[in-house]
Each structure stands twice: as C-alpha cells, then as structure tokens.
1. Can you list residue pairs whose Cβ atoms sit under 8 Å apart, with the first residue in the range 29-48 being over 22 Å from I19 (Cβ atoms) and the second being of a type in the set (D, E, K, R)? Count only pairs 6 or more apart in sequence or on different chains.
2. If I ask for residues that are surrounded by 10 or more Cβ atoms within 10 Å (Cβ to Cβ) and in a loop (DSSP other than H, G, I, E, B), which ones from the range 101-133 would you list?
3. Restricting to the range 64-84, give me the number of residues that are in contact (Cβ under 8 Å) with a residue 12 or more places away in the chain and closer than 12 Å to K99 by Cα.
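FYI, it's all coordinate maths here, none of it is from the lab. This one's a predicted model, so the numbers in the text were calculated from it and none came from an experiment. Cβ sites come from the backbone with ideal geometry, for glycine too, and all protein chains shown count toward neighbours.
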Amino acid sequence: MTERKPPGVDFESFVDRQIRQATARGDFAELPGFGKPMASIDAPYDELWWIRDKMHREGFAALPPALALRKEAEDARGAAAAARTEREARALLTAVNAKIRAALRMPPPGPPLNLEEFDVEAELRARREHRAP
C-alpha cells in the first residue's frame, strides 16, 4: 500500500520521490510490454477504445451472426484468390463451406443469410485463369 502524503510536503515532489524509489527498486523493469511500442500509438483517438478492446478480448462481434458469416465468406474468397498454393485455397474455401452449410441447416438469428456454398472447383478454375500469363 502506498504511504499517505505527509502534510506540508509539495504533492509533486512526493509523487516524484515515490516514482524514483520504485524505479530504484526495479518495480517498472518487468512490466508487460516493456520496451515494445504501444500498438495503438498512431491510431486516431477513439472514445470507445476500451469497449472495442474488451469486445475483441472476449470474442464478441459487433455484427449479427449472419452478417459476420457473409463477411467471413467474402474474406475467404479473397484469401483463396491470394493463397500461395491451390491446396491452401481449397482448404480455405472448404472450411468456409462447412460453416455456410451449418448456417443453412440452422439459420442464425438476424437478417437472412443470403449465402450459398462456394463451388470450390469453379473458384479454383477462376484462380488459375487469373494467375495464368
């Protein structure tokens, strides 16, 4: 527990002395992230940064499940197009197809899903044609 500021002592010098003593004891040497740049140092100020951070840590999504799956499917199509190998692209599309299939069997709450499974072979064919010289 910190000690109370004695009467008659300037507040600034009291705090400075405590910081100096803690530094001498090495209390600041092993803090998490010590010596690393702050992740959000260049980001614009956001009043709700702590809410967004908490939601991210807890795994909450701001989108309803149906819209989140649509976004995931769109991202998977882009990732498959940019994948290094055809095997990697096929794995990405197959994984998202499994999620779409499950959502079609039991629709998530929220807006309509409006998604169909990817035709993996057609997507891979388009990927090959796009990469051909």
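1. Every condition considered, the pairs that remain are D46/R52.
2. Hits for the range 101-133 are P107, P108, G110, P111, L113, L115, E116, E117, F118, D119.
3. 7
Condition check ((1) of a type outside the set (D, E, K, R); (2) touching a Phe, Trp or Tyr at 6+ places or on another chain (Cβ under 6 Å); (3) surrounded by 10 or more Cβ atoms within 10 Å (Cβ to Cβ)) across all residues:
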position	(1), (2), (3)
I19	yes, no, yes
F34	yes, no, no
D42	no, no, no
E74	no, no, yes
R77	no, no, yes
A91	yes, no, yes
